[in-house]
Amino acid sequence: MARGKKARARDEWSDSTPMGPRPSRVPPLHASLTNPRSILPPGSDSEFSSGEIAPVVTTLFEDDEGEPTMVVAAPLLTPAECAAWIAWGEANGFSLEQHAQTRHSAHRDNGRIALPSEQIAQAIFERLTSAGVVPSVAEGRRACACNPLIRLYKYVEGQRFGRHVDQSNHLADGSVTLFTVLLYLNGDFEGGETVFYESHWADHVAYRFAPKMGSVLVHAHGDRCLTHEGAAVSRGTKYLLRTDVAYSR
C-alpha cells in the first residue's frame, strides 16, 4: 500500500500528499475469450452470443510493492453489448446527478441509473478475470466479485465530473472494494477523457484515457487512488458502466 496517505470519504479532497504513480514494466497481454457470458441489461435476448473477444490488456502503473494500480483493456465489451446498454438506458431514462464543488465534494453533473444486479456483476467479474484485467490478489486479499450495484452514466455536452478520489467500500458479504471499473460504451464524442494527476494539488497529468467503445479502465481506489476527473464532453454524448472489484481474505 502506498505510504503517506490517509483514508478519504467518497469523492473527497485530501490534504495529504500522495506519492506519484510508478509506470509498470509488465508487457501487454493478448487475451482471447470464446463465447464468454454476455454482459447485457435486463430484458435482453437470452440467446445473445458474445462470440470471440480478443482484448489487449495493458498494465500502466503499479505501487511500491509492484502490485498493479491501473490497467486498461480493449475491447472487453462487444459492439452489440454496448449498443444494448445505451438503448436500455435511454428507454428507462436517466436521473440527473448534480452538485457543485466544495472543499469536500467534487463538481458533478451527469445522468445516472443505478441497477442492483448480482447476475450482471458476476458476468462482468468473469469477463475481467478471464481476460486477466484485474489483479487476482491485492493488499493481501483475493478478488472475489464485482459490486452488484451497477451504475450507468450519461454525460452530454458540457457535463463533467471534477477532481476526486474514489473510496473503498465494505460490501454486505464482508469483502472490500479496491478497484474502480469503468466500461466505456461508445467513443463517438469529443472530450470526456478520464484524466489522472500525479498529485492532488498539481496540474501535471499522469495519464489521460480517451474512451473507446468496449474499452475498460480499472484503477485502484481507497488509499492507492490517484486524483482524477472526467473531463467535460465538448461534443456528443458519453456513456459508461461503473462497478468495483471486491476482495476478501
**Report entry** So Gly187, is it of a type in the set (Gly, Ala, Ser), within 22 Å of Leu77 (Cβ to Cβ), over 15 Å from the mean Cα position of the chain (by Cα) and not in a strand (DSSP E or B)
**Finding:** yes
Report summary line: Scanning the stretch 122-141 for residues that are β-branched (Val, Ile, Thr) and out of contact with any helix residue (DSSP H, G or I) (no Cβ under 6 Å at 6 or more places or on another chain), the one farthest from Ala73 (Cα to Cα) turns out to be Val137
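Each row is one residue, and each column tells you yes or no for (1) closer than 25 Å to Asn92 by Cα; (2) surrounded by fewer than 17 Cβ atoms within 10 Å (Cβ to Cβ); (3) without any contact (Cβ under 8 Å) to a residue 12 or more places away in the chain.
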residue: Asp166; (1), (2), (3): no, no, no
residue: His170; (1), (2), (3): no, yes, yes
residue: Ser175; (1), (2), (3): no, no, no
residue: Leu178; (1), (2), (3): no, no, no
residue: Tyr197; (1), (2), (3): no, no, no
residue: Arg208; (1), (2), (3): no, yes, no
residue: Met213; (1), (2), (3): yes, no, no
residue: Cys225; (1), (2), (3): no, no, no
residue: His228; (1), (2), (3): no, no, no
Query raised in the report: In the stretch 98-116, what residues are crowded, with 16+ Cβ neighbours inside 10 Å and either under 19 Å from Thr243 (Cβ atoms) or charged (D, E, K, R) (or both)?
Result: Arg108, Asp109, Asn110, Gly111, Arg112, Ile113, Leu115
Requested in this report: Report the residue count in the stretch 194-214 for those that are within 23 Å of Ser168 (Cα to Cα) and in a loop (DSSP other than H, G, I, E, B).
Outcome: 4
Query - the stretch 52-65 residues that are within 13 Å of Gly132 (Cα to Cα), paired with ones that are hydroxyl-bearing (Ser, Thr, Tyr) (beta carbon under 6 Å, 6 or more apart) - result: Ala54/Ser32; Thr59/Ser24
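Throughout, read-outs are computed from the coordinates displayed, never taken from laboratory work. All figures in this text were calculated on a predicted structure; none of them were measured in a lab. Cβ: placed from backbone, ideal geometry, glycine included. Neighbour counts: every protein chain shown.
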